[in-house]
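Comments concern the structure below.
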Amino acid sequence: MRQLSINRIQEGDLLGKTIYAHDGRVLLGRGIPLSSAYIERLKKLGISIIYIDDEETKDINIEDVVSEENRREAMISLQHSGEAVRIGKDFDGFQVKKAVDNIIEDILFQKEIFVSLTDMRSYDNQVFAHSVSVCVLATIIGKALELDKSNLEALAVGALLHDIGTVKLPKELLAKREGFTTKEIELYKSHTAHGFEILRVKRDINLLSAHIAFQHHEWMNGSGYPRNLSGNKINSLAQIVGLADFYDNLVNDGPGHKRTLPHEACEIVMGCADKLFPLNLVVLFLKHIAAYPTGCTVKLSTGEVGIVVDQNKSLPMRPVVRVLMAGDDPNQDKAKEYNLVEDRTTFIESILE
């Protein structure tokens with residue numbers, strides 16, 4: 001399996017991962033040959049990244065840190081919760097907690113966790129997929145910090161619902177991919193206060209989760225919002241969710257912005273240490289993130305083009321790369337692999353999308 005930009009998909013390519021709508025419905029199932037009509041439809045839906053299966057990469061298994069079913073259940077619970085809030089009704093906190101508990105169980109079950117999967121997101125499910133991914137990333141950090149059960153659940157619930165306040169915003173604002181105007185920025189910022197007001201009255205949800213929704217855009221240097229809090233005045237769980245939210249927004253298209261490549265996002269996050277987020281939190285987070293996700297196509301300093309087939313968890317910037325296209329030397333072996341931890345003179349020049 002490999003990851004490709006939607007613009008590089010060819011008619012007849014086999015879909016490698018099922019694509020879901022925001023309510024859990026299957027849009028396209030794994031193994032379906034992609035026709036030109038399907039490809040155009042996916043483009044119109046706003047999907048920029050696709051996984052395909054082919055002969056050269058059929059042995060590459062790109063696993064998520066949580067099951068496909070549990071991601072889908074979490075998205076469904078978010079969809080139901082958001083719809084209830086939108087029409088002025090209460091939502092089922094038990095359903096949210098059940099979805100969160102399944103994610104926590106998946107993550108606690110694993111000994112070593114390394115995130116190396118890029119979401120296939122559409123305009124339709126972007127907000128829901130983002131919230132689930134933030135929940136997963138925050139829970140991974142929470143596990144690494146050895147949070148107790150109560151705080152881990154409050155963290156995961158707060159992460160899943162951190163953007164619940166966006167249901168109060170215009171849909172056209174959330175669908176926008178160009179930069180926001182000054183007026184739109186101020187309107188978007190209001191989602192934190194809306195989220196706090198929605199969650200603080202929920203007796204079946206820990207008040208800590210409401211504070212996460214309120215403070216997840218507060219930054220250490222005081223430049224965040226809504227209250228310009230700084231340093232240890234920011235709730236520690238909100239800082240975790242803020243970091244997970246910041247990274248996930250970097251690597252995916254979202255309201256008011258376009259995606260950044262994962263290795264560039266890792267560099268940006270590192271540059272934010274002790275400015276936006278605590279250094280120890282940033283270092284811990286990046287230990288669990290693949291700078292070059294498994295399945296992505298890269299250009300090497302040798303001139304060869306290859307695909308990332310495995311990760312070196314001790315050095316996330318130095319994965320294992322299988323050559324797919326030889327460089328200028330006709331005698332180069334197309335079938336070889338580089339372990340970039342061992343081959344220190346070879347490096348990745350760029351990701352090819």
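The values are calculated or read from the model by the stated rules, or taken from the named source; none is laboratory data. None of these values were measured; they are calculated from a predicted model. Backbone-built Cβ (ideal geometry, glycine too); neighbour counts: all protein chains shown. All accessible areas refer to the heavy atoms of the entire protein, side chains included, with ligands and DNA or RNA removed. Shrake-Rupley method; radii C 1.70, N 1.55, O 1.52, S 1.80 Å.
Given the criteria surrounded by 19 or more Cβ atoms within 10 Å (Cβ to Cβ), touching a strand residue (DSSP E or B) at 6+ places or on another chain (Cβ under 7 Å), aliphatic (A, V, I, L, M) and not in a loop (DSSP other than H, G, I, E, B), does Val323 qualify?
Details: surrounded by 19 or more Cβ atoms within 10 Å (Cβ to Cβ): yes; touching a strand residue (DSSP E or B) at 6+ places or on another chain (Cβ under 7 Å): yes; aliphatic (A, V, I, L, M): yes; not in a loop (DSSP other than H, G, I, E, B): yes.
Considered against the rule, which asks whether it is surrounded by 19 or more Cβ atoms within 10 Å (Cβ to Cβ), touching a strand residue (DSSP E or B) at 6+ places or on another chain (Cβ under 7 Å), aliphatic (A, V, I, L, M) and not in a loop (DSSP other than H, G, I, E, B), Val323 comes out as yes.
If you go through segment 46-64, how many residues are more than 19 Å from Val251 (Cβ to Cβ) and either open to solvent by 20 Å² or more (accessible area, probe 1.4 Å) or not in a loop (DSSP other than H, G, I, E, B) (or both)?
Total satisfying the criteria: 9.
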Leading residue by the ranking (nearest to Ile164 (Cα to Cα)) among those in segment 192-203 that are open to solvent by 60 Å² or more (accessible area, probe 1.4 Å) and not hydrophobic (A, V, I, L, M, F, W, C): His194
Filter result for the condition that a residue is in contact (Cβ under 8 Å) with a residue 12 or more places away in the chain, loosely packed, with under 15 Cβ neighbours inside 10 Å and more than 15 Å from Ser133 (Cβ to Cβ), over Ser67, Ser81, Ser35: Ser35
Checking Asp119 against (1) of a type outside the set (S, T, N, Q); (2) under 18 Å from the mean Cα position of the chain (by Cα); (3) farther than 22 Å from Asn206 by Cβ; (4) open to solvent by 40 Å² or more (accessible area, probe 1.4 Å), the condition it does not meet: (4)
First in segment 234-257 and closer than 16 Å to Asn125 by Cα, second anywhere and buried (at least 24 other Cβ atoms within 10 Å of the Cβ) and of a type in the set (S, T, N, Q), Cβ under 8 Å, 6 or more apart: Asp248/Ser133; Asn252/Ser133
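Out of all the residues in segment 90-114, which are assigned to a loop (DSSP other than H, G, I, E, B) and under 22 Å from Ser314 (Cα atoms)? Step through it out loud before you land on a result.
Initially, segment 90-114 is screened for residues assigned to a loop (DSSP other than H, G, I, E, B), giving 90-92, 110-114.
Once the filter is applied, which keeps residues that are assigned to a loop (DSSP other than H, G, I, E, B) and under 22 Å from Ser314 (Cα atoms), segment 90-114 yields Gln110, Lys111, Glu112, Ile113, Phe114.
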Residues located in segment 282-311, provided they are closer than 17 Å to Thr139 by Cα and either open to solvent by 10 Å² or more (accessible area, probe 1.4 Å) or part of a strand (DSSP E or B) (or both): Val283, Leu284, Leu286, Lys287, His288, Ile289
Subset of segment 84-116 that is of a type in the set (A, V, I, L, M, F, W, C) and surrounded by fewer than 16 Cβ atoms within 10 Å (Cβ to Cβ) - its residue that is nearest to the chain's Cα centre (by Cα): Leu108
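Residues checked against (1) among the aromatic types (Phe, Trp, Tyr); (2) closer than 21 Å to Ala74 by Cα; (3) part of a helix (DSSP H, G or I); (4) touching a residue at least 60 places away in the same chain (Cβ under 8 Å):
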{"position": "Lys143", "(1), (2), (3), (4)": "no, yes, yes, no"}
{"position": "Glu184", "(1), (2), (3), (4)": "no, no, yes, yes"}
{"position": "Asp204", "(1), (2), (3), (4)": "no, yes, no, yes"}
{"position": "His211", "(1), (2), (3), (4)": "no, yes, yes, no"}
{"position": "Gly224", "(1), (2), (3), (4)": "no, no, no, no"}
Residue within segment 84-98 that is within 28 Å of Ile9 (Cα to Cα) and in contact (Cβ under 8 Å) with a residue 12 or more places away in the chain present: no
Among the residues listed as Lys189, Lys176, Lys171, the single one being farther than 16 Å from Val96 by Cα, under 19 Å from the mean Cα position of the chain (by Cα) and open to solvent by 10 Å² or more (accessible area, probe 1.4 Å): Lys176
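Against the definition (in a helix (DSSP H, G or I), touching a helix residue (DSSP H, G or I) at 6+ places or on another chain (Cβ under 8 Å) and open to solvent by 40 Å² or more (accessible area, probe 1.4 Å)), how does Glu153 come out, yes or no? Steps first, please.
Working: in a helix (DSSP H, G or I): yes; touching a helix residue (DSSP H, G or I) at 6+ places or on another chain (Cβ under 8 Å): yes; open to solvent by 40 Å² or more (accessible area, probe 1.4 Å): yes.
Judged against the criteria, Glu153 is a match.
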Odd one out for His162 among (1) open to solvent by 30 Å² or more (accessible area, probe 1.4 Å); (2) at pLDDT 95 or above; (3) not β-branched (Val, Ile, Thr); (4) not in a helix (DSSP H, G or I): (1)
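Looking at segment 34-52, which of its residues are within 22 Å of the chain's Cα centre (by Cα) and of a type outside the set (Gly, Ala, Ser)? Walk me through it before giving the result.
Step one: list which residues in segment 34-52 are within 22 Å of the chain's Cα centre (by Cα), which gives 42-52.
Answer for segment 34-52, where residues must be within 22 Å of the chain's Cα centre (by Cα) and of a type outside the set (Gly, Ala, Ser): Leu42, Lys43, Lys44, Leu45, Ile47, Ile49, Ile50, Tyr51, Ile52.
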